[in-house]
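Reviewing the structure listed below.
The values are calculated or read from the model by the stated rules, or taken from the named source; none is laboratory data. These numbers come from a predicted model, not from an experiment. Counting neighbours? That spans all protein chains shown, and the Cβs are built from the backbone with ideal geometry, glycine included.
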Number of protein chains: 2
Amino acid sequence: MIGRELSVKELAKEQITPVEGLSALSLDALTSVAYGPEAILVVLATAGVGALRLILPITIGIVVLLALLVTSYRQVIDAYPKGGGAYAVSRENFGPRTGQVAAAALIVDYTLTVAVSIAAGVGSLTSAFPSLIPETVPICLGILGVITLLNLRGLGDGARAFLLPTFMFIVGLFAVIVVGLVHPLGLHEAQPGKPILGPPGLSTIGILLVLKAFSAGCSALTGVEAIANGVPLFKEPRVVRAKRTELLLGVILGAMLLGLAELSNRFHVEPRTTQTVLSQIMGYAVGRHLAYYVVSLTITVVLALAANTSFGGLPVLTSLLARDRYLPRLFAVRDDRLVFGNGIWALTVLSGVLLVVVKGNTNALIPMFAIGVFTGFTLAQGGLVLHWWRLRPTSWRRRATLNGVGSVVTGVATLVFIFSKFTEGAWVVVVAVPLLIVLFRRIEAYYVASDEQSGVGVVPSVPEGKDTLVVVPVTRVSRLTSQVLSEALSLSSEVIAVTVVFDGGDEGGHETVEADWERWHPGVRLNVVHTDHASVVRPIVAFVDDLIAKSNDQIVVLIPVVVPERLRYRILHNQTDLALAAALRRRPGLVVARVPMSIDARNR
Amino acid sequence: MIGRELSVKELAKEQITPVEGLSALSLDALTSVAYGPEAILVVLATAGVGALRLILPITIGIVVLLALLVTSYRQVIDAYPKGGGAYAVSRENFGPRTGQVAAAALIVDYTLTVAVSIAAGVGSLTSAFPSLIPETVPICLGILGVITLLNLRGLGDGARAFLLPTFMFIVGLFAVIVVGLVHPLGLHEAQPGKPILGPPGLSTIGILLVLKAFSAGCSALTGVEAIANGVPLFKEPRVVRAKRTELLLGVILGAMLLGLAELSNRFHVEPRTTQTVLSQIMGYAVGRHLAYYVVSLTITVVLALAANTSFGGLPVLTSLLARDRYLPRLFAVRDDRLVFGNGIWALTVLSGVLLVVVKGNTNALIPMFAIGVFTGFTLAQGGLVLHWWRLRPTSWRRRATLNGVGSVVTGVATLVFIFSKFTEGAWVVVVAVPLLIVLFRRIEAYYVASDEQSGVGVVPSVPEGKDTLVVVPVTRVSRLTSQVLSEALSLSSEVIAVTVVFDGGDEGGHETVEADWERWHPGVRLNVVHTDHASVVRPIVAFVDDLIAKSNDQIVVLIPVVVPERLRYRILHNQTDLALAAALRRRPGLVVARVPMSIDARNR
């Protein structure tokens, strides 16, 4: 399933151009047009049909914020040409504590990106093919499964393979917008009619609702930071190309958002449960014909690819956190395919649970979504203000001011999100982030204590051997017994064989072991332990414990295990060896080895 | 759940009287009145209402067969005062092959007894309380679970505890029959009316149907062999008491069957899906009042106890088969509570599956039921004929003739069952028994081959030690490293430490191990293995394989494992040790030990 083991040398180091950068790093941001405008309309709809017209001014506000963010992140690229994720930037400038906040926010963000992208992609699919609506959750999980598998195989980041769908998506969506603005083809579709009332004034619908709609729409801005994280992937001159990509992303995303908002107004689109807003707009613009279906499927594909980008991000983040000892070490271990498999699985499980809980409904995820991202925005730009202030390059004041404004605006926006959407889902993030931070700190504290206990860093005493006593549990005399005693005698001249005799009576046969031993005379003492309990494990453990208490020697227990050639014959052999090994496992200083004795006893 | 470990001495050896013998050994047979008459009616009903009157002559035929079996089994008790199960008798007289047939038939029989008894018991319950009908399967599984648990605790055979319900059952059922025959109290219940037509002649309904009804009714005879198996449980004089019990059983069972058949005729009872025949008879006899409910619940309890008797039988049988090497050895291993736990679990799983498959419907199980039992009857009595012929005691001809007739009659009955009920379920038994026999033979063949391979029975060569080389994989220098090297040096003066350096580059940190080692100077050589693959397991395995190929020494690998005090911290340590131990496991002659290093690194 996963493919053969890979060597480091086999990993091609791809170097990307700005256009490729759009498909490799910006799909998350670009595809947010599939749910951002809808998120605004869902909030506005609570104030009546007339309020829907406010989508245009709100979108203009969001595009202004986008411009600020793009400018600000172009400066991040200048400052961190080696890639400046929110975690690295805030850790460097504010110290580890703030870094942990950024890391926790990012984990939440990556998880939500996967869930939201997949849910929105399936939403696009079921809008086009309503008969699939009952299968929403299975389809979501199927897409998640495919993405997981590709990433476990290490095929998750094929920037070039993503080029065609990205290109189709951008061209297709602009085509829809242009056709819709100039001469809609789909106006013979059933029309919803136009509202009789004009839009209500701001005072009527309330500033809080506008703020909520604005913050919901900000979900369209998630992902604009990804290019700044991925600077090292670009061809030289990296910084120039990365900044160009960031600008390109800002222009395309802004244009799409404004175009869709205007069309939504013109076509009087209302949010529906069975069809996405984007699908409705497309239907009115070009009609539900071939072009509509092609673009719908393209949207599904690019949203799945957008989910895939989180799989490039989170496992790397968790490996960094594991190396900083905030997460279990196993997140820093690479699989045979050189991917961080444990991080991939963690992301799959978390986002899969989210998708199942909200039943694949994008709008249920939106209230949680922007908080993590905007926390990252705030911390990264705040950190950059400190960065400029410390280094003071030319025009540092202008740069610091820009990032400062960005930080304050996104910080305020974060607070607005939390308070305006708290009961609708934002509380999940408010609970999850501190929990993650507590987890980081406890894990770090454990590792510190563990290192101290294991004496890491101090030069330990020089190791010294002592006498060794080998204990071998036996059940009968056979060639295998001789074999394991030979191994025991290799370890030490002091070997004791031990056998358990059940005094229950009716099984019998054990007295023959002693007789056979006499006849064999292997030069090793046989200790017979009598018991009237059924377990043979306990008497042996008691015997070994007794030896440990009495002796200063290094004690070794060699447990012979018959290993048949074919696995299915294992059940035919006693499993006592496993029980015995488990019972002896936790005695410090005791060496326990199960010694495999291969036999090839096929039915001939 | 299971209780503390038991010593052999704590097992009281109960010695029972004939009356106690009824509750300890005969419940299976006695309780078959709950489904036997119904099984006859279900078959007859296919020939129309008039045919139901044939229940009386058919029951008389069954009671004649019962008399034959009881007489015959009283002779078995004479011949095998140490307990003569069908397996032991046919193995002794016909040899192991026929013994295997008997054993396979018995396994099928025990499993079906559990399933049928529980299903019939729940049928009695749901007849009294029809609102429980939808919960039939869960109630069946619940009762099965309780029986399993009691048997795992070793409390399955409390003959004295079973006395009261057995007594209530016998008295209650006779009371119902007597009241029903003399002066029914329940005749104000809704009456089904009487048939206008008289019973059809035999020629009309066909001899085949009568045979089918007869064979279905023979399910009432299952269990009459149990007393002969349990002779050693009786007080002295054992044989006399056991024979008296067998006779008692025959009289009680015969009287009940005849009484119920007569009442069934008088009340014109027809089989129904929601109420058992026995429940209908009781309703007409005493009315659905207190007495009816008390007896119904008693029937449920004694049927559960009847299922329980199989739990006394099958695990002992499988332990005998395991000792004869026809089943995996683990069936011969006693648990801490001195019960054969694996046999108990096997019976629970098999009968649980049966109950779920037939959805707790007794009548669906009946076609499979009598075949196994009657195969046992045939083989045991056939074996006895040989037994008498060989020993020739006084009046051996009369005895041999009686057993011979018994064997032939039950043999013919077995063939009738198989052919008349083949498509209705008998095929399951016809398939299962040969499969079990094949399984027995393959397992035996494996054990013979395995013993030969392990050199059991030949006096092996005297064990001799050779030089030992200890390999210790290390990741860094710490007190734990020193500790494991001390243990290694105890085993041999030749110790090699080995560490893996990942040439992937970005992780770094490994070069410090070499430097630390230099500074430490532990007197043990450190081997650095470079790799550009992610796995650290493979390079170490390759290193060890290389040593095995080059050296004649005994090679030991000591893998250090950090074991935190609290289990939940385990996830924070690398699991590489497990992977490494697993990868090295199957190399013959190699000794691999994971050495636990306890640390107590709590967050303080």
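Residue-by-condition table, conditions (1) surrounded by fewer than 20 Cβ atoms within 10 Å (Cβ to Cβ); (2) within 27 Å of residue B:447 (Cα to Cα); (3) more than 8 Å from chain B (Cβ to nearest Cβ):
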| residue | (1), (2), (3) |
| --- | --- |
| A:542 | yes, no, yes |
| A:551 | yes, no, yes |
| A:557 | no, yes, yes |
| A:581 | yes, yes, yes |
| A:584 | no, no, yes |
What about residue B:473, is it buried (at least 22 other Cβ atoms within 10 Å of the Cβ) and either touching a residue at least 24 places away in the same chain (Cβ under 8 Å) or of a type in the set (A, V, I, L, M) (or both)? yes
Residue count, segment A:450-482, condition on the phi < 0 side of the Ramachandran plot, in a loop (DSSP other than H, G, I, E, B) and not charged (D, E, K, R), comes to 12
Qualifying residue in segment B:425-441 (condition: over 30 Å from residue A:481 (Cα atoms), among the charged types (D, E, K, R) and either touching a Cys at 6+ places or on another chain (Cβ under 8 Å) or assigned to a helix (DSSP H, G or I) (or both)): no
Kindly establish whether residue B:136 is assigned to a helix (DSSP H, G or I), surrounded by fewer than 23 Cβ atoms within 10 Å (Cβ to Cβ) and modelled with pLDDT of 90 or more. yes
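Residue-by-condition table, conditions (1) among the aliphatic types (A, V, I, L, M); (2) under 28 Å from residue B:214 (Cβ atoms); (3) assigned by TED's automatic domain parsing to the domain that holds residue B:573:
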{"site": "B:382", "(1), (2), (3)": "no, yes, no"}
{"site": "B:401", "(1), (2), (3)": "no, yes, no"}
{"site": "B:407", "(1), (2), (3)": "no, yes, no"}
{"site": "B:422", "(1), (2), (3)": "no, yes, no"}
{"site": "B:426", "(1), (2), (3)": "yes, yes, no"}
{"site": "B:440", "(1), (2), (3)": "no, no, no"}
Considering only residues that are in contact with a Leu (Cβ under 9 Å, 6 or more places away or on another chain) and either surrounded by 16 or more Cβ atoms within 10 Å (Cβ to Cβ) or more than 12 Å from chain A (Cβ to nearest Cβ) (or both), which ones fall in segment B:559-575? B:559, B:560, B:561, B:562, B:564, B:572, B:573, B:574
Test residue B:272 against the criterion of being in the same structural domain as residue B:50 (by TED's automatic domain parsing), out of contact with any strand residue (DSSP E or B) (no Cβ under 8 Å at 6 or more places or on another chain) and within 13 Å of residue B:39 (Cα to Cα), and give yes or no. yes
Which numbered condition residue B:501 misses (of (1) closer than 29 Å to residue A:556 by Cα; (2) hydrophobic (A, V, I, L, M, F, W, C); (3) more than 10 Å from chain A (Cβ to nearest Cβ)): (1)
Quick check on segment B:313-328: of everything there that is modelled with pLDDT of 85 or more, in a helix (DSSP H, G or I) and not β-branched (Val, Ile, Thr), which residue is surrounded by the fewest Cβ atoms within 10 Å (Cβ to Cβ)? B:323
Kindly list the number of the only condition in (1) in contact with a helix residue (DSSP H, G or I) (Cβ under 8 Å, 6 or more places away or on another chain); (2) facing another protein chain (nearest Cβ under 7 Å); (3) surrounded by fewer than 20 Cβ atoms within 10 Å (Cβ to Cβ); (4) without any contact (Cβ under 8 Å) to a residue 12 or more places away in the chain that fails for residue B:466. (4)
Any chance you could count how many residues in segment B:12-28 are part of a helix (DSSP H, G or I) and either at pLDDT 90 or above or surrounded by fewer than 24 Cβ atoms within 10 Å (Cβ to Cβ) (or both)? 3
Is one or more of the residues making up segment A:80-90 surrounded by fewer than 22 Cβ atoms within 10 Å (Cβ to Cβ) and part of a helix (DSSP H, G or I)? yes
Return the only residue of B:518, B:487 being within 12 Å of chain A (Cβ to nearest Cβ), at pLDDT below 90 and under 51 Å from the mean Cα position of the chain (by Cα). B:487
